[in-house]
1. Quick one: 3J(HN,Hα) in Hz for region 144-157, Karplus 6.51/-1.76/1.60 with θ = phi - 60°, rounded, Gly and Pro as x.
2. Report, in listed order, any pair from 115/167; 90/141; 83/167; 83/253 with a Cα-Cα distance greater than 20 Å.
3. Nearest 20 debye, what's the magnitude of the dipole of region 223-268 about its Cα centre given +1 on Lys and Arg Cβ and -1 on Asp and Glu Cβ?
4. Under 15 Å from the Cα of residue 212, which aspartates and glutamates turn up, not counting those fewer than eight places away in the same chain?
5. Can you tell which of 171, 113, 60 lies farthest toward the positive end of the dipole of region 53-189, using +1 and -1 charges on the Cβ of basic and acidic side chains (Lys, Arg; Asp, Glu)?
Amino acid sequence: MPGTSPGTTKLVNGKARMTETVEAKRPRQSAVAATAPLLSVRNIEVVYDNVILVLRGLSLEVPRGSIVALLGANGAGKSTTLKAISGLLKTEDGEVTRGEIVFDGERINGIDPDKIVRRGIFQVMEGRRIIADMTSVENLKLGAFTRSDNEVGSDIDMVFNYFPRLKERTGLAGYLSGGEQQMLAIGRALMARPKMILMDEPSMGLSPLLVKEVFAIIRDINRDLGVTILLVEQNARAALSVASHGYIMEQGKVVLDGSASELRDNEDVKEFYLGGAGDQRKSFKNLKSFKRRKRWL
């Protein structure tokens, strides 16, 4: 009967049950699609200059709408991982020689960086890479270069809502403080209306107070806008404070992963990345610690 809920009608039980079966399947199918990761990096290898092997069978997943932290020491391959995803390896004579990178259901390794931006990935580079002789507004407009709509102005206002001090700085961006330049770099990424932002060391060179402020804004952006974030950081404590999941890299591959809470409670992570051992903190030269690290590798 029109307007009758299939869950309550008793008049045509066979049809009602059929309706319930068909409609019950639809949410489950949608749920399956919704739970598929936005980004899948599958067993990739990266080589520079046709000789130097940097990533060795690296795999990771980033769920849609999440913040995932990628942690590790200098030289572990974290930045190379981001450049492999964003396509910027090409600018440094790097190449994904094995495996695949799948974003939103489509393989993207080998695609030019500008096309990857149009598909919804924007990388905030280490060191901010703002244009020093442009104003903040001009830098923000640069982030919208792939767009052809008429809403750029309203999105600039949105960025200023997250970073109000940028609105006050009307001079050249080169005169901004380090923290303000980092805010501008994140704001420029938002101007592309990305599905996913790759952030490379957003805490670099910032005071502890500014680190706390920047990471709080990263969490707000993820929550308010639903932007997925893959966060590369050496400041493991700050990264795990906002991430839901984390991966730890050593020598070009993932050696440990888990939820943020699991990693915070892991004794190895405490010792090597969180300083949890205090005055008793061990050195890698210590045999026990060395064996623990060797177990990861």
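1. 9, 5, 8, 9, 10, 8, 10, 10, 4, x, 5, 6, 5, 4
2. 115/167; 90/141; 83/167
3. For region 223-268, the charge dipole is close to 180 debye.
4. Partners within reach: 180, 201, 220, 233.
5. Selected residue: 60.
Where a number appears in this text, it was derived from the coordinates with a stated rule and is not lab data. Being a predicted model, the structure only gives us computed values, none of them experimental. Ideal geometry is used to build each Cβ from the backbone, glycine not excepted, and the neighbour counts take in all protein chains shown.
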